[in-house]
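None of the figures in this text is laboratory data; all of them are computed from the coordinates on show. Source: prediction; values computed, not measured. Using ideal geometry, Cβ is built from the backbone for each residue, glycine included, and neighbour counts are taken over all protein chains shown.
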Amino acid sequence: MTLIISYLAIFFILIQWVYWLLFQRVFFFNSKVEAAPNTGISVIVSIKNGESLIKEFMESLMNQSYLFYEVVLIDDFSSDNTLEYLQQYAGSQVKIVSASMDLPGKKLALTDGIKAAQYDWLLFTDVDCIPSSRNWIQSMVDHSTQSDVVLGYGPLRNSKRLISLFSSYETIVTAVQYLNYALYKLPYMGVGRNMLVDKN
């Protein structure tokens, strides 16, 4: 019995070793960053029942150093006061869109936002995500000189609760996988809270 347990332990250790050997590229990846020309960016955000998050989110988003960007906020059939809160920010730089159909998930709401976008470069994020700095948009744009899609990482906010620690771990493992697959030229996903794509 001890021998079987030893073999199983060695087997599982080998699996972990092979996994990290295959998925370690992202830790050593050094992206070529070039200052991109000032191109228009449409930041697209689908929101459902996010009234408590809007103020902090919009303050951080409107404080970005990038010059040429608009914000497209889509209310996805919220049952709280989200739409009323969003209307406070409507203006030349901020468009408010109501989703056309109440369907599960946010795919259709994002499609409505894409249709309303003025610019060809679309930057997706979520209302519960705060940009890491005033240069978030600029950083994503600077990486776009090499590609039509820029994949970013969106860590969770720090919390000491057990479920939050597990969610943070799961987020890191998922990011290690999808970012490494992209580096191997086999992209299969990107997170909608930190992704820049060329609409064309």
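Observations on the model:
- Charges were assigned to the Cβ only: +1 to each Lys and Arg, -1 to each Asp and Glu. The resulting dipole of the stretch 75-139 about its Cα centre is roughly 280 debye.
- Taking the C-alpha atoms only, the angle from helix 51-62 to the longest principal axis of the chain is near 80 degrees.
- For residue 199, the lysines whose Cα falls under 17 Å of its own Cα, not counting residues fewer than eight places away in the same chain, are 107, 115.
- For the stretch 7-87, the list of trypsin sites (Lys or Arg not before Pro) that fall in a loop by DSSP and count at most 11 other C-beta atoms within 10 angstrom reads 32.
- Long-range HN-HN contacts of residue 23 with modeled amide H, under 5 Å: none
- Projected label distance in nm at residue 87 and residue 68, using a 7 Å step from Cα toward the beta-carbon: 3.3 nm
- At R0 = 25 Å, FRET efficiency that the Cβ-Cβ distance of residue 173 and residue 13 yields, to 0.05: 0.90
- Dipole of the stretch 1-146 computed with +1 at Lys/Arg Cβ and -1 at Asp/Glu Cβ about the Cα centre; of 118, 146, 38, farthest Cα towards the positive end is 146.
- Alpha-carbon radius of gyration plus Dmax, which is the widest Cα pair, for the stretch 1-144 in Å: 21.4, 72
- Shown is the FRET efficiency for residue 21 and residue 162, computed with R0 = 35 Å from the Cβ-Cβ distance and rounded to the nearest 0.05: 0.70.
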